[in-house]
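Undergrad: Pasting a structure below so you can have a look.
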Amino acid sequence: MTLNLAHALVGATENHAMRAEAAAREAGIGIQEIGEATGQAFNGAAGRSVADDVFLLSWRAQRLAQAVGQVNANNEADKVTKAVELTAGALMDLLQAAHTMRNPERGDGEARDAARCVQAADKALTEAQETGGLEVLAQLLELTD
């Protein structure tokens, strides 16, 4: 129950941030200022180090990969959304590896686990490329001009 409520709160907060960003864009705020505001997530999460910040990014990437996977599971995944799912998984793996490597207190075998994450990311990115979804998307976008 607490887990569900915590994730619902994250969703509500993200929705509020998206609306605030859209309003800021309409008011003329540029990408630089939006990027600076995005960094406030680290302050809100009470990160004390770069490793903490990377851990937050890793957690976000894990949730992204899970969410894209759920969307694909509930719908017939096309080549593009399959490529997105694989790329999200690769991002998750790379950030997990980055977090491990930035953790000076990592335990025995964790560097080996980080290496496996990097290998999994490489495999997922190769598979995403092989789906052809990204090429299909690029071709479709070129046709719209």
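The values are calculated or read from the model by the stated rules, or taken from the named source; none is laboratory data. Predicted model, so just to flag it, every value in this text is computed and none were measured. Quick reminder, even Gly has a Cβ in these numbers, built from the backbone with ideal geometry, and neighbours come from all protein chains shown. Accessible surface is based on the protein model in full, side chains and every heavy atom, while ligands, DNA and RNA are left aside. Shrake-Rupley method; radii C 1.70, N 1.55, O 1.52, S 1.80 Å.
Undergrad: Quick check: anything in region 73-86 open to solvent by 50 Å² or more (accessible area, probe 1.4 Å), among the small types (Gly, Ala, Ser) and closer than 27 Å to residue 134 by Cα?
TA: yes
Undergrad: With respect to residue 130, determine if the residue is more than 25 Å from residue 50 (Cβ to Cβ) and outside any helix (DSSP H, G or I).
TA: When the stated conditions are applied, residue 130 does not pass them.
Undergrad: Is there a residue in region 18-36 that is open to solvent by 60 Å² or more (accessible area, probe 1.4 Å), within 27 Å of residue 89 (Cβ to Cβ) and modelled with pLDDT under 90?
TA: Checking region 18-36: not a single residue is open to solvent by 60 Å² or more (accessible area, probe 1.4 Å), within 27 Å of residue 89 (Cβ to Cβ) and modelled with pLDDT under 90.
Undergrad: Then there is this: Taking the conditions exactly as written (open to solvent by 70 Å² or more (accessible area, probe 1.4 Å), more than 30 Å from residue 124 (Cα to Cα) and of a type outside the set (Lys, Arg)), does residue 70 satisfy them or not?
TA: Values: open to solvent by 70 Å² or more (accessible area, probe 1.4 Å): yes; more than 30 Å from residue 124 (Cα to Cα): no; of a type outside the set (Lys, Arg): yes.
No; evaluated as a whole, the condition is false for this residue.
Undergrad: What is the one condition in (1) open to solvent by 50 Å² or more (accessible area, probe 1.4 Å); (2) more than 28 Å from residue 53 (Cα to Cα) that residue 138 does not satisfy?
TA: (1)
Undergrad: Do we have any residue at all in region 55-64 that's open to solvent by less than 60 Å² (accessible area, probe 1.4 Å), touching a helix residue (DSSP H, G or I) at 6+ places or on another chain (Cβ under 7 Å) and of a type in the set (Gly, Ala, Ser)?
TA: Checked against the condition, which is being open to solvent by less than 60 Å² (accessible area, probe 1.4 Å), touching a helix residue (DSSP H, G or I) at 6+ places or on another chain (Cβ under 7 Å) and of a type in the set (Gly, Ala, Ser), region 55-64 yields at least one hit.
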